[in-house]
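One structure is given below, encoded as structure tokens.
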Amino acid sequence: MRKILFVIGIALISCTSMVAQQFNIGAGAALPVGDANDVSSFGINVEANYLWEVSEQFGAGLTVGYLNYFGKTISNPIFDDVSFDDFGFLPIAASGRFQASEKFTLGLDLGFALGLSPDGIDDGFYWAPKAQYGITQSLDLVLAFRSINLDGGSFDALSLGIEFGL
């Protein structure tokens with residue numbers, strides 16, 4: 001995992017002088033849906049992305065983040081309660097952003113999510129379509145559907161957060 005992050009870091013540093021770039025950091029809250037809702041009721045996400053301007057309306061780059069979904073306890077009057085551990089994932093993905101208007105941007109992240117916790121959690125294919133609304137020049141409101149396709153299922157969540165352009 002360290003080697004992957006090192007290679008991504010070197011790629012970012014070596015390409016910074018090629019074209020216009022933008023570095024963004026963001027955070028948000030997530031509501032697990034589907035299978036994930038059975039084991040978690042709330043999540044948080046943080047991410048950083050680095051985008052290069054491909055054209056006036058399109059940017060492409062890399063993103064890395066951390067997704068944490070808090071495990072829930074299910075009460076059962078007959079048997080013991082069932083408690084689930086927190087779930088943690090590290091998504092590493094390619095990013096694309098299309099600026100549809102001055103205030104509205106559509107995006108998609110495609111990549112791989114490393115399963116960090118609990119022990120034994122699978123890694124999986126990661127994808128996250130996004131819609132962003134520009135509140136100010138450097139602050140966006142971001143609505144995203146984040147999905148990690150795991151062996152035998154998926155871990156999905158609807159998230160709402162903010163993104164700062166640096």
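Please give the number of the condition Phe164 fails out of (1) closer than 25 Å to Ser55 by Cα; (2) in contact with a Pro (Cβ under 7 Å, 6 or more places away or on another chain); (3) of a type in the set (Phe, Trp, Tyr).
(2)
Considering Gly65, Gly71, which residue is in contact with an Asp or Glu (Cβ under 7 Å, 6 or more places away or on another chain) and within 18 Å of Ile162 (Cβ to Cβ)?
Sole residue among the options that is in contact with an Asp or Glu (Cβ under 7 Å, 6 or more places away or on another chain) and within 18 Å of Ile162 (Cβ to Cβ): Gly65.
Anything in segment 114-131 that is part of a strand (DSSP E or B) and either in contact with a Gly (Cβ under 6 Å, 6 or more places away or on another chain) or among the hydroxyl-bearing types (Ser, Thr, Tyr) (or both)? List them, or say none.
Answer for segment 114-131, where residues must be part of a strand (DSSP E or B) and either in contact with a Gly (Cβ under 6 Å, 6 or more places away or on another chain) or among the hydroxyl-bearing types (Ser, Thr, Tyr) (or both): Leu116, Ser117, Tyr126, Lys130.
Taking the condition in contact with a Ser or Thr (Cβ under 7 Å, 6 or more places away or on another chain), under 20 Å from Phe23 (Cβ atoms), small (Gly, Ala, Ser) and part of a strand (DSSP E or B), does Gly111 pass?
No, not satisfied.
Does Ser101 meet the test of being part of a loop (DSSP other than H, G, I, E, B), of a type in the set (Gly, Ala, Ser) and under 19 Å from Glu163 (Cα atoms)?
yes
When you scan segment 140-154, do you find a residue that is in contact (Cβ under 8 Å) with a residue 24 or more places away in the chain, in a strand (DSSP E or B), touching a Leu at 6+ places or on another chain (Cβ under 6 Å) and surrounded by fewer than 15 Cβ atoms within 10 Å (Cβ to Cβ), even just one?
No: zero hits.
Out of segment 115-147, which residues are at pLDDT below 95 and among the aliphatic types (A, V, I, L, M)?
Passing the criteria: Leu116, Ile121.
Look through segment 95-121, keep the residues that are of a type in the set (Gly, Ala, Ser) and over 11 Å from the mean Cα position of the chain (by Cα), and return whichever of them is surrounded by the fewest Cβ atoms within 10 Å (Cβ to Cβ).
Looking at residues that are of a type in the set (Gly, Ala, Ser) and over 11 Å from the mean Cα position of the chain (by Cα), I get Gly120.
Among the residues in segment 27-42, are any within 30 Å of Thr136 (Cα to Cα), without any contact (Cβ under 8 Å) to a residue 60 or more places away in the chain, within 11 Å of the chain's Cα centre (by Cα) and surrounded by 14 or more Cβ atoms within 10 Å (Cβ to Cβ)?
No, that holds for no residue.
Conditions (1) modelled with pLDDT of 90 or more; (2) in contact with a strand residue (DSSP E or B) (Cβ under 8 Å, 6 or more places away or on another chain); (3) among the charged types (D, E, K, R), marked per residue:
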residue: Ala29; (1), (2), (3): yes, yes, no
residue: Ala36; (1), (2), (3): no, yes, no
residue: Val54; (1), (2), (3): yes, yes, no
residue: Phe79; (1), (2), (3): no, no, no
residue: Phe87; (1), (2), (3): yes, yes, no
residue: Ala93; (1), (2), (3): yes, yes, no
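Tell me yes or no: at least one residue of segment 61-69 is at pLDDT 95 or above, under 11 Å from the mean Cα position of the chain (by Cα), closer than 14 Å to Ala128 by Cβ and surrounded by fewer than 18 Cβ atoms within 10 Å (Cβ to Cβ).
Checked against the condition, which is being at pLDDT 95 or above, under 11 Å from the mean Cα position of the chain (by Cα), closer than 14 Å to Ala128 by Cβ and surrounded by fewer than 18 Cβ atoms within 10 Å (Cβ to Cβ), segment 61-69 yields at least one hit.
The values are calculated or read from the model by the stated rules, or taken from the named source; none is laboratory data. Keep in mind the model is a prediction, meaning the values are calculated, not measured. So basically every Cβ, Gly included, is an ideal-geometry build from the backbone, and we count neighbours across all protein chains shown.
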